[in-house]
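Read the structure below first, then the notes.
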Amino acid sequence: MIHRLLNAYVLYPVAERLMGRNIRSKLKVIQQHDMLPFYDRKLHALRQLHAVLRHAGEHVPYYRSLFADLEFDPAKVEHDLGYLRQLPYLTKEIVRQEGERLLSDRSAHGFLHERKTGGSTGPAAAIRYSREALDWTAAANLLAVSLTGKRRHWKEVHLATRSPEKFPLKDRLKERVKCWAMNRQDIYTDSLDEAGLEVLWREIAKARPYLIQGHPSTIYALARYVAETQNTIDPPFAVFESTGELLDTKKRKFIEGVLHCRVVNRYGNAEFGVMAYERRMSDREGLRVLDYMVWPETLANDDGSHELVCTGLTNMAMPLIRYRTGDLADLNEEEDGWYLTNLVGRIHEMVTIQNRSYPTHYIQDVIDRIPGIADFQVVEREGKAPLLRLVAEAHASRDLIGEKIGVYWKDNVEHVFVNQDDLERLGRRAKFSRLIRKPLATDTEGDEG
């Protein structure tokens, strides 16, 4: 306990200072904002929206040109919110195409941190954050964790993807200090077969944290394993916080019933960080939007569903205005805030490689470490190794990509380079499954690796 108290209240401030971060003060700001009446919070969000529009029109080349072409005046939004609809939606495709023109000229030559979007609505795009903007997303994450009831000196576990290669010593030391300061332990996962789940269960039982963060597909697989193999269960953790993919009702009830933990849900993405969170003691249905971080809208589809559209309020380095997230949700305005319900987003599936089961988010995390891959899909073939269908960036070296695939998976997978249009897509707006369980005629086409 003394060790964890020192980590939380001594090491964390020291580490924050040494790394040039400023997270705790921003957390206080968001916490104070979060306790205000919704009227005051919404008024602040509107003022910040106006500030983002004004900054983008003056300092971001893409918006400078767009505002001039549309004769758009940001000042009018503060008095007429409907005027915002004069601006077209921003999409991931535009972000990829415009690239540097979406960066503020005040930040383009300073420190920028890059995050890569998921590929559930097309090729990934790079989103860049200034250090200040990154601190705001870190503060929002700390707020979300605190809403579970966790205190800073209580232990938490983060389920992370086991890398097939070793990170540089500097990065490993940085992660170790970060874990110490946050009283966090990383538990690494890859295969979710019986052997992998047994190891995962033992490591969680040994850690005995208050909170676990991870993909619901991972914890659901663990709950199924525990239900099949354990006669009695001594719950090793109190709260599971779902991140990274859709948490459906079936998985939630099963996890709660078997592991005897409280399950809380949150919503976020690489573009904005944590954006909405399930309130611990609220009788409201859905996730309440963190209105300090985003201004939410929805776009109506022909079938009556709605796509979530957001404007970021804290990242002046790369403002994203009226950005189509690709996820479906209903947006309800209640007396205490905006709530997201009926969320439909990313779902991860299981891929069999050499008789072991891996979640598709593991495959994606590995592939994200290979430069030059814009998109991918896995084809599971009976009696054959899985086929990775890879879309390469225009500048990428296909030979180097092939070498990395060989290092990671040897001959346990095959790969083929295809065009973006060759990926099989399902559902609305090119949503597609990462996993195809029957081979397509085009699987033999393209440049095989």
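Please report the antiparallel percentage of the DSSP beta bridges confined to the chain, to the nearest 5.
That works out to approximately 60 percent antiparallel.
Using modelled backbone amide H atoms (1.01 Å from N, in-plane), which distant-in-sequence or interchain residues come within less than 5 Å of residue 160's amide H?
The answer is 187, 188, 189.
Report in % the part of the accessible area of the chain that belongs to carbon and sulfur, leaving out ligands and nucleic acids; probe 1.4 Å.
50
For an R0 of 51 angstrom, estimate the FRET efficiency from the Cβ-Cβ distance between residue 58 and residue 234 and round to the nearest 0.05.
Computed FRET efficiency for residue 58 and residue 234: 0.30.
Return the single residue from 137, 249, 161 with maximal mean-square fluctuation; model: Gaussian network over the chain, springs between Cα atoms under 10 Å.
249
Explain nothing, just compute: Karplus ³J(HN,Hα) = 6.51 cos²θ - 1.76 cosθ + 1.60, θ = phi - 60°, for every residue of region 53-67 in order, whole Hz, x for Gly and Pro.
4, 5, 4, 4, x, 8, 10, 10, x, 4, 6, 4, 5, 4, 4
Straight-line reach from residue 174: which aspartates and glutamates fall under 12 Å, measuring Cα to Cα and dropping same-chain residues less than 8 apart?
Within reach: 16.
Can you figure out the FRET efficiency of residue 31 with residue 93, using R₀ = 35 Å and their beta-carbon distance, to the nearest 0.05?
0.45
What number comes out for accessible area per residue over region 109-170 if the probe is 1.4 Å? Units Å², please.
Averaged over the residues of region 109-170, the accessible area is 45 Å².
Counting DSSP beta bridges with both partners in region 109-254, what percentage is antiparallel, nearest 5?
Antiparallel bridges make up about 25 percent of those DSSP assigns within region 109-254.
Considering amide H positions built from the backbone, and no H for Pro or chain starts, which residues 5 or more places from residue 268, or on another chain, come under 5 Å of its amide H?
244, 275
Quick one: among 173, 388, 11, which has the greatest mean-square fluctuation in a GNM of the chain with alpha-carbon springs under 10 angstrom?
173
Taking the Cα-to-Cβ direction at residue 253 and at residue 193 and moving 7 Å from each Cα, how far apart do the two end points lie in nm?
3.2
Do any of 26/155; 42/76; 170/404; 28/250 go past 24 Å between their Cα atoms, and which?
28/250, as the Cα separations exceed 24 Å there.
For the ranges 181-194, 29-42, 404-417, 211-224, what's the packing order if you count other beta-carbon atoms within 10 Å of each residue, average per peptide, and put the highest first?
By packing density, highest mean first, the sequence is 211-224, 181-194, 404-417, 29-42.
Residues with beta-carbon under 11 Å from that of residue 58, excluding residue 58: net charge, scoring Lys, Arg +1 and Asp, Glu -1?
Within the 11 Å Cβ shell, the charges total +2.
Any idea what the dipole of the chain comes to, in debye rounded to 20, about its Cα centre with Lys/Arg Cβ at +1 and Asp/Glu Cβ at -1?
1900
Taking the alpha-carbon centroid of each part, what is the distance from region 334-412 to region 133-191 in angstrom?
Here the two parts' Cα centres lie 23 Å apart.
Over what distance in Å are the Cα centres of region 204-278 and region 1-29 separated?
Centre-to-centre distance over Cα atoms comes out at 27 Å.
So which lysines pass the test for residue 92, namely a Cα distance under 17 Å, with those fewer than 8 places away in the same chain ruled out?
116, 431
The values are calculated or read from the model by the stated rules, or taken from the named source; none is laboratory data. For clarity, every value in this text was computed on a predicted model and none was experimentally measured. Quick reminder, even Gly has a Cβ in these numbers, built from the backbone with ideal geometry, and neighbours come from all protein chains shown. For the accessible areas, the whole protein counts, side chains as well, though only heavy atoms, and no ligand, DNA or RNA atoms are used. Shrake-Rupley method; radii C 1.70, N 1.55, O 1.52, S 1.80 Å.
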